[in-house]
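Peer 1: After the structure tokens below, expect a handful of questions from me.
The values are calculated or read from the model by the stated rules, or taken from the named source; none is laboratory data. These numbers come from a predicted model, not from an experiment. Cβ coordinates were reconstructed from backbone atoms using ideal geometry, including for glycine residues, and neighbour counts include every protein chain displayed. These area figures cover heavy atoms from the full protein model, side chains too; ligands, DNA and RNA do not enter into them. Shrake-Rupley method; radii C 1.70, N 1.55, O 1.52, S 1.80 Å.
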Amino acid sequence: MPVTAGVRNSPYDLGMTAAVQDQPGAGRGAAPVVRNVCGMDTTVYAPGSSSPAVRARSLTKTYGKGEATVRALDGVDVDFEQGRFTAIMGPSGSGKSTLMHLLAGLDSATSGQAFLGSTEITGLNDKALTRLRRDRVGFVFQQFNLLPMFTAEQNITLPVELAGGTADKAWFDTLVDTLGLAGRLTHRPGELSGGQQQRVAIARALIAQPDVVFADEPTGNLDSRSGAEVLSFLRRSVRELGRTIIMVTHDPSAAAYADRAVLIADGRIAGDISDPTPESAMAGLDALRTLEPSVATAPGTGV
Amino acid sequence: MASSFPTARLTLAQMRRSVGRLTAAGVAILISTAFVTVTLLAGSVIQGTTHDMIAAQYAQADAVVSIPGDDGESTFADADIEAVAAVDGVEAVQPLTAWYGDLRNGGKGGYQLFTPVPEDPRLSPLELTDGTWPAADEVALTPELAERLEVGLGDEVSVKRTIYPEGWTTSQAEDREAELGEPEEITESLTVTGLADDPYGAYTTFGGAAAVPAAALQTWSAAEDSQEQVTELLVALDEPLSGTTVPAALDQAVQAATSGVEGVSVQTTEAVAAAKAAEKTGGQDLVFLVFVMTFAAIALLIAAMVITNTFQVIIAQRTRALALLRCIGAGTGQLYRSVLLEAAILGAVASAVGILTGALLAQAALLVAPSFDLGVPIPATIALTWQSIVLPLVVGTVVTVLAALAPARSATRVAPLAALRPSDAPTLRARSGRTRLVVSLLALVGGFALLGLGVFLGMNDTPQFGLLAAVGGGAVAFFGVVLSAVLWLPRVAAGLGALVGRTGPASRLAVANTLRNPRRTAATSTALLIGVTLVTMMSTGAASARMSADNLLDETYPYDVSVSSSSPEYVEDLRDALAGTDGVGATVLVTNGSVTLDGAKDTSVVGTDPQDLAAVVNVPEEAKRLTEGSILLTQETADTMSVGAGDEVALSGGNGSVDLDVVITGAGPLNRVVTTTDLDRVTDEETWTDIWAKISGADVTAVLGDVQDAVAQVDGEAFVMGPAAEAAQFGQVVDVILGIVVGLLAVAVVIALIGVTNTLSLSVIERTRESATLRAIGLSKKQLRGMLAVEGVLIAGVGAILGIVLGLIFGWAGAATALSLMGDVRYAVPWTDIAVVVVIALVAGLLASVLPARAAARTSPVAALGVE
Ligand SMILES: Nc1ncnc2c1ncn2[C@@H]1O[C@H](COP(=O)(O)OP(=O)(O)O)[C@@H](O)[C@H]1O
Ligand SMILES: [Mg+2]
């Protein structure tokens, strides 16, 4: 059932600047791997593609007991490829953050498995999880979460220091250049704008060259211009620096920066869009709202 | 203005949200009010005990007839006593008298109080428990006294007393011995016939009592060289008194019977005891109360600092909520009052619990006290008075409210706009520190100048003014230090932190955290700094006093013990007795002789054997320089004689004269010392010989006791002097005082350490998101705990180290001022005490971090991602 819902203007569409205008769909021409996910297929991972960076198998998470039980995640199977920028998109309360927490080893699953590369993280203890987060995972938070007493530079290198090492100078310079932070390194978070803080946070997430970076609503606290900047930086990190990024968002225009958008509703995977545009992402989201969850897995991929 | 109702509701709501944080602050107040309560209760126990001991001597007398005032003249004569006894309704009368004499069984015993056998059992605190009351040449003893004398019923004891010839006291003669004859010393033998208990402890402070018939006691008293005044008569009535006052009829009858004496008063026993007790406790005991209350005040001050700090943090964390309230129309006055109300509630509740705790502690102490032999009867239960409840309650509440004034003011400075700003990192705008800087600089400069002046005055022989200036200056300077702490203490912490920060990323995080809120760190450390400064100051002062005293004694007396004999014939016996005593090392004979030295007649020189001398004195290398043909002189003496080292001086006396080479000695007590051989060549007249000895035993006081016993066995009188014992005794006194003072200050230190925990916990709560972020980006639980441990250690360590430095300075200044009268002041560093303080502070800092660290480690990293 093709989705033909009209594109509603999101607040981010208003007053879009040049920086933003070149984004939606811009990646499509650059010959990304266009996976043809069959419209009616109920499984959303593509078997046979290059070994995935992150996998979930029947991943389930419930909160509370008895009457008050909430199934935040309900048997999720999903793969995320290496070297790609994937968005997890869904309405508020659909379980996006929960999925991300489980995939990143921040929280424990009720049942099912999550893998980072070939490591099953659902079976790891706290110590191993800490090491995994330190060495193989990076995070970008909605609230930036920089340490107020440290300068931008100190914040960026902190993960490497926590591991007892020193930052690779060349990689550090590359990151600083790419993220446009050269003039801000000695500033403390309080002296930086939200967009700048989030760019520092991205640099911090990438400094240890992790296998994957998770970002939970990274633009949620930013104005549209800074948001667009941050999103294009994320995309550049993937395109130019070869990183793997998984981003949680409820915003279709943010999802449009990704190579792929995985739709989630009521704790289940509800769709998968390759090379989303704001319109296709919005359409997918709208379909989730208007259709029953079981049918919502059917929306056409491209528009 | 709005009514206070919404304020109250707001306050309660906010308190409910911060119960945990307020509890921690409350503990500080709780401890100090408990301290105050215990002090007050201890005061009333002391008063009660004093009263009971005074009342005990009146036994169960119904009334006391007394001559008020002590002019030392008025006394009840025998006739007066008989007249009172004859008054209608009076059954028995007992004059309150005592006589002191030397009571012994062989070598045991000593000066002892004697009391008459009571006319009526009601009129003596003694209760016969075994045997019979004594007749002539008999005596009854309290059990403790019998035990000390090692005698039982039927044994003999001796009493030695001096009989002065009749008329001795009244004689106006120039030389009473010539006119009336010499006083005669006699020893009488008494048989022990009874044991009499002293259940109320009337004689405990006298080491028990010996009862003899009243007639014997009167005879003994009469033979003394001064007559005892009888100013109190105990009266037993036919019918016990019913009320609390003496019936007018009885009063008048007694007054009439004693018309020969002026101003006689007839009171109930209770009234007399109460009046006497009040007289006594008004003095010494008041000093005790003031002394202890000073420490309670220090504890309260530090508690106040902890409270202020806690409230500052709580207010900072509430910034958003407060700003919201301001947005929706709350006035600054309402917020101000709300904070103060919160403090008042906290103060009242914490004080109430503190009073309860204090009362329970005091009661517990009374329960265990009897198992220690205190020598005084103490009550079994505490007596709660309204003062002991109301005073701590008021003090605790008022202090808490006062401590909250500054935080309340910061609450009013929260701008409504703050509600609209992102909530990260709540900080209060620091006020301009200019006033603080100026005031503290003035206090520092003025205080230290005054302290210096005090030291100067003290060193120049006016220690009383010096001490006044030094104490005042020290206090002002310390005030300046505390006030300015926020300006420099964080920098010291940074310096220390730079060292610590090398040890790893967790430490570096900790250092950064410690410095992000200088005001909070400074306030927390300062509370500890005050306690540590005072403790260090006291122990430095005490150690310096001990060292200076040891030094003084060493310089004045080069020996541990000296025995002087009354006549030369016993000297060798005494030396043998001394050398044979356990714990006594080498001995040496020193002969003092009067000779002509270098033309100066009647100069006293000392002749001794250099070998023996070197083995005894505490300056052996000086003693070894003495040889035959030489004389030891101090530089000072040599200067006055205008001679120098190597010059010859002439020593002459009855036997002839010798020329001696001058040897300059640095040891003052070895001035004018020659060899015995040389002294013998010059004179054998007008000499007397002492024995000096070294004590090798560990317990100097015990050895000295043995020496006295050993010497007593030798014929002839001998005088024993033991500067070593003096030093040991002085050291003991200093240690006891120091122990008490440090014990009292420890309360303040404990409160300060609670403050450290408090600050850490509050910081952890405030940094939940940050901790979670760190956990998410790879900080292990261990590293997180390590980070907080380093923070705790850093805050506590800075306070402790600075406190030690200040304490040393103040301690030395005090020693220089007060001890300069003792001669050369030694500046001791009490290393052990300092090590203990440092270890306690560091361990406490570590412990303070345990609970907050556990809470922080429990936070899931997911919290970092939450939107709150
Ligand atoms: N700690 C929790 N306790 C109970 N329920 C929770 C908790 N976290 C999330 N949930 C519930 O799980 C569901 C999914 O939440 P979440 O993953 O945060 O959604 P999203 O990020 O998509 O908005 C929601 O219904 C939410 O109420
Ligand atoms: Mg979410």
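Peer 1: Pairs only if they're at least six apart or on different chains, beta carbon under 9 angstrom, first in segment A:77-105 and away from every other protein chain (no Cβ under 13 Å) and more than 17 Å from A:Gly284 (Cβ to Cβ), second open to solvent by 10 Å² or more (accessible area, probe 1.4 Å) and within 16 Å of ligand 1 (Cβ to nearest atom); list them, first residue then second.
Peer 2: So the pair list comes out as A:Asp77/A:Gly112; A:Asp77/A:Ile269.
Peer 1: Within the bounds of segment B:209-222, is there any residue that is assigned to a strand (DSSP E or B), of a type in the set (Ser, Thr, Tyr) and out of contact with any Ser or Thr (no Cβ under 6 Å at 6 or more places or on another chain)? Please lay out each step first, then the result.
Peer 2: Residues of segment B:209-222 assigned to a strand (DSSP E or B): B:210-212.
Checking the rest, the ones that are also of a type in the set (Ser, Thr, Tyr) come to none.
No, segment B:209-222 contains no residue that is assigned to a strand (DSSP E or B), of a type in the set (Ser, Thr, Tyr) and out of contact with any Ser or Thr (no Cβ under 6 Å at 6 or more places or on another chain).
Peer 1: Only one of these is outside the structural domain of B:Trp220 (by TED's automatic domain parsing), touching a strand residue (DSSP E or B) at 6+ places or on another chain (Cβ under 9 Å) and either loosely packed, with under 15 Cβ neighbours inside 10 Å or at pLDDT below 80 (or both): B:Glu82, B:Glu73. Name it. Break it down stepwise before answering.
Peer 2: On the way: B:Glu73 fails: touching a strand residue (DSSP E or B) at 6+ places or on another chain (Cβ under 9 Å).
B:Glu82 is the lone residue from the list that is outside the structural domain of B:Trp220 (by TED's automatic domain parsing), touching a strand residue (DSSP E or B) at 6+ places or on another chain (Cβ under 9 Å) and either loosely packed, with under 15 Cβ neighbours inside 10 Å or at pLDDT below 80 (or both).
Peer 1: Something else: Considering only residues that are within 14 Å of another protein chain (Cβ to nearest Cβ) and open to solvent by 40 Å² or more (accessible area, probe 1.4 Å), which ones fall in segment B:736-778? Show your work before the answer.
Peer 2: So in segment B:736-778, the residues within 14 Å of another protein chain (Cβ to nearest Cβ) come out as B:763, B:766-778.
Result: B:Glu766, B:Thr768, B:Arg769.
Peer 1: Here's a follow-up. Let me confirm something: among B:Leu597, B:Leu626, which residue is open to solvent by less than 20 Å² (accessible area, probe 1.4 Å) and more than 16 Å from B:Ala667 (Cβ to Cβ)? Steps first, answer last, please.
Peer 2: Numbers: B:Leu626 fails: more than 16 Å from B:Ala667 (Cβ to Cβ).
Every option except B:Leu597 fails the conditions.
Peer 1: Then there is this: Can you pull out every residue in segment A:158-209 that is away from chain B (no Cβ under 14 Å), acidic (Asp, Glu) and either farther than 18 Å from A:Val230 by Cβ or part of a loop (DSSP other than H, G, I, E, B) (or both)?
Peer 2: Hits for segment A:158-209 are A:Asp168, A:Asp173.
Peer 1: Could you please tell me which pairs satisfy a Cβ distance under 8 Å, a separation of 6+ or placement on different chains, a first residue in segment B:505-530 that is surrounded by fewer than 24 Cβ atoms within 10 Å (Cβ to Cβ), and a second residue that is aromatic (Phe, Trp, Tyr)?
Peer 2: Partner pairs satisfying both residue conditions: B:Ala512/A:Phe150.
Peer 1: Tell me the residue from B:Leu301, B:Leu335 that is within 23 Å of B:Gly43 (Cα to Cα) and part of a helix (DSSP H, G or I), please. Working first, answer last.
Peer 2: Working: B:Leu335 fails: within 23 Å of B:Gly43 (Cα to Cα).
Sole residue among the options that is within 23 Å of B:Gly43 (Cα to Cα) and part of a helix (DSSP H, G or I): B:Leu301.
Peer 1: Now a separate question. Need a quick list: strands (runs of 3 or more DSSP E) entirely within segment A:44-154 having at least 2 residues that are under 25 Å from B:Thr859 (Cβ atoms) and within 16 Å of ligand 2 (Cβ to nearest atom). Outline the logic, then answer.
Peer 2: Numbers: elements: A:52-63, A:70-81, A:85-89, A:111-116, A:137-140.
The strands (runs of 3 or more DSSP E) meeting that bar are A:52-63, A:70-81, A:137-140.
Peer 1: May I pose another question? Evaluate the following for B:Thr687: is it touching a Gly at 6+ places or on another chain (Cβ under 9 Å), open to solvent by 30 Å² or more (accessible area, probe 1.4 Å) and modelled with pLDDT of 75 or more?
Peer 2: Working: touching a Gly at 6+ places or on another chain (Cβ under 9 Å): yes; open to solvent by 30 Å² or more (accessible area, probe 1.4 Å): yes; modelled with pLDDT of 75 or more: no.
No: the conditions fail for B:Thr687.
Peer 1: Condition (residue is touching a residue at least 24 places away in the same chain (Cβ under 8 Å), of a type in the set (Asp, Glu), closer than 24 Å to A:Arg289 by Cα and more than 15 Å from ligand 1 (Cβ to nearest atom)) applied to segment A:57-74: is it met by at least one residue? Quick ask: steps written out before the conclusion?
Peer 2: First, the residues of segment A:57-74 that are touching a residue at least 24 places away in the same chain (Cβ under 8 Å): A:57-62, A:71-74.
In the following step, the residues that additionally are of a type in the set (Asp, Glu) were identified as A:74.
In the following step, the residues that additionally are closer than 24 Å to A:Arg289 by Cα were identified as A:74.
Subset that is more than 15 Å from ligand 1 (Cβ to nearest atom): none.
Taking every residue of segment A:57-74 in turn, none turns out to be touching a residue at least 24 places away in the same chain (Cβ under 8 Å), of a type in the set (Asp, Glu), closer than 24 Å to A:Arg289 by Cα and more than 15 Å from ligand 1 (Cβ to nearest atom).
Peer 1: Still on this structure, I have one more. Return the residues of segment A:131-157 that are within 8 Å of chain B (Cβ to nearest Cβ), surrounded by fewer than 24 Cβ atoms within 10 Å (Cβ to Cβ) and free of Cβ contacts under 8 Å to residues at least 40 places away in the same chain; say none if nothing qualifies.
Peer 2: Matches in segment A:131-157: A:Arg131, A:Met149, A:Phe150.
Peer 1: Evaluate segment A:123-130: report whether one residue or more is touching a residue at least 60 places away in the same chain (Cβ under 8 Å), away from ligand 1 (no atom under 13 Å from the Cβ) and either in contact with a Lys or Arg (Cβ under 8 Å, 6 or more places away or on another chain) or within 14 Å of chain B (Cβ to nearest Cβ) (or both). Break it down stepwise before answering.
Peer 2: We begin by selecting, within segment A:123-130, every residue touching a residue at least 60 places away in the same chain (Cβ under 8 Å); these are none.
Within segment A:123-130, not a single residue is touching a residue at least 60 places away in the same chain (Cβ under 8 Å), away from ligand 1 (no atom under 13 Å from the Cβ) and either in contact with a Lys or Arg (Cβ under 8 Å, 6 or more places away or on another chain) or within 14 Å of chain B (Cβ to nearest Cβ) (or both).
Peer 1: In addition: Name the residue that is nearest to ligand 2 (Cβ to nearest atom), counting only residues in segment A:260-282 that are part of a loop (DSSP other than H, G, I, E, B) and open to solvent by 10 Å² or more (accessible area, probe 1.4 Å).
Peer 2: A:Asp266
Peer 1: Taking the condition modelled with pLDDT under 90, within 16 Å of ligand 2 (Cβ to nearest atom) and buried (at least 24 other Cβ atoms within 10 Å of the Cβ), does A:Leu285 pass?
Peer 2: yes
Peer 1: Here are some residues: B:Gly599, B:Gly593, B:Gly583. Which one is within 38 Å of the chain's Cα centre (by Cα) and not β-branched (Val, Ile, Thr)? Can you show your working first?
Peer 2: Numbers: B:Gly599 fails: within 38 Å of the chain's Cα centre (by Cα); B:Gly593 fails: within 38 Å of the chain's Cα centre (by Cα).
Selected residue: B:Gly583, the only one of B:Gly599, B:Gly593, B:Gly583 that is within 38 Å of the chain's Cα centre (by Cα) and not β-branched (Val, Ile, Thr).
Peer 1: State which residue is nearest to the other protein chains (Cβ to nearest Cβ) when the search covers only segment A:210-245 and only residues that are crowded, with 24+ Cβ neighbours inside 10 Å, within 16 Å of ligand 1 (Cβ to nearest atom) and closer than 27 Å to A:Arg131 by Cα.
Peer 2: A:Asp216
Peer 1: Also, I was wondering about something else. Out of the residues in segment A:106-122 that are within 24 Å of A:Leu206 (Cβ to Cβ) and within 10 Å of another protein chain (Cβ to nearest Cβ), which is nearest to ligand 1 (Cβ to nearest atom)?
Peer 2: We begin by selecting, within segment A:106-122, every residue within 24 Å of A:Leu206 (Cβ to Cβ); these are A:106-107, A:114-119, A:121.
Add one more test, that the residue is within 10 Å of another protein chain (Cβ to nearest Cβ), and what stays is A:106-107.
Values: A:Leu106: 12, A:Asp107: 9 Å.
Filtering segment A:106-122 for residues that are within 24 Å of A:Leu206 (Cβ to Cβ) and within 10 Å of another protein chain (Cβ to nearest Cβ), the one nearest to ligand 1 (Cβ to nearest atom) comes out as A:Asp107.
Peer 1: So for segment A:168-184 (the condition being more than 16 Å from ligand 2 (Cβ to nearest atom) and touching a strand residue (DSSP E or B) at 6+ places or on another chain (Cβ under 9 Å)), does at least one residue qualify? If you could, list the steps in order and put the result at the bottom.
Peer 2: Applying the first criterion (more than 16 Å from ligand 2 (Cβ to nearest atom)) to segment A:168-184 yields A:168-184.
Subsequent filtering for residues that are touching a strand residue (DSSP E or B) at 6+ places or on another chain (Cβ under 9 Å) retains none.
Looking through segment A:168-184, none of the residues is more than 16 Å from ligand 2 (Cβ to nearest atom) and touching a strand residue (DSSP E or B) at 6+ places or on another chain (Cβ under 9 Å).
Peer 1: Of these, B:Glu270, B:Glu228, which one is charged (D, E, K, R) and part of a loop (DSSP other than H, G, I, E, B)? Break it down stepwise before answering.
Peer 2: Details: B:Glu270 fails: part of a loop (DSSP other than H, G, I, E, B).
Exactly one residue qualifies, and that residue is B:Glu228.
Peer 1: Looking only at residues that are under 36 Å from the mean Cα position of the chain (by Cα) and within 14 Å of chain A (Cβ to nearest Cβ) in segment B:482-504, which one is surrounded by the most Cβ atoms within 10 Å (Cβ to Cβ)?
Peer 2: B:Ala493
Peer 1: Give the residue, chosen from A:Asp135, A:Asp107, that is among the charged types (D, E, K, R) and in contact with a Lys or Arg (Cβ under 8 Å, 6 or more places away or on another chain).
Peer 2: Values: A:Asp135 fails: in contact with a Lys or Arg (Cβ under 8 Å, 6 or more places away or on another chain).
None of the other options fit; the residue is A:Asp107.
Peer 1: Does B:Leu589 fit the bill of being open to solvent by less than 20 Å² (accessible area, probe 1.4 Å), assigned by TED's automatic domain parsing to the domain that holds B:Ser657 and among the hydrophobic types (A, V, I, L, M, F, W, C)?
Peer 2: On the way: open to solvent by less than 20 Å² (accessible area, probe 1.4 Å): no; assigned by TED's automatic domain parsing to the domain that holds B:Ser657: yes; among the hydrophobic types (A, V, I, L, M, F, W, C): yes.
Criteria not met by B:Leu589.
Peer 1: Follow-up question, since we're still on this one. For the condition open to solvent by 30 Å² or more (accessible area, probe 1.4 Å), away from ligand 2 (no atom under 16 Å from the Cβ) and either more than 14 Å from chain A (Cβ to nearest Cβ) or touching a residue at least 12 places away in the same chain (Cβ under 8 Å) (or both), what is the one hit in B:Val837, B:Val798, B:Val850? Even if it seems obvious, please write down each step before you answer.
Peer 2: Working: B:Val837 fails: open to solvent by 30 Å² or more (accessible area, probe 1.4 Å); B:Val798 fails: open to solvent by 30 Å² or more (accessible area, probe 1.4 Å).
Answer to the check: B:Val850.
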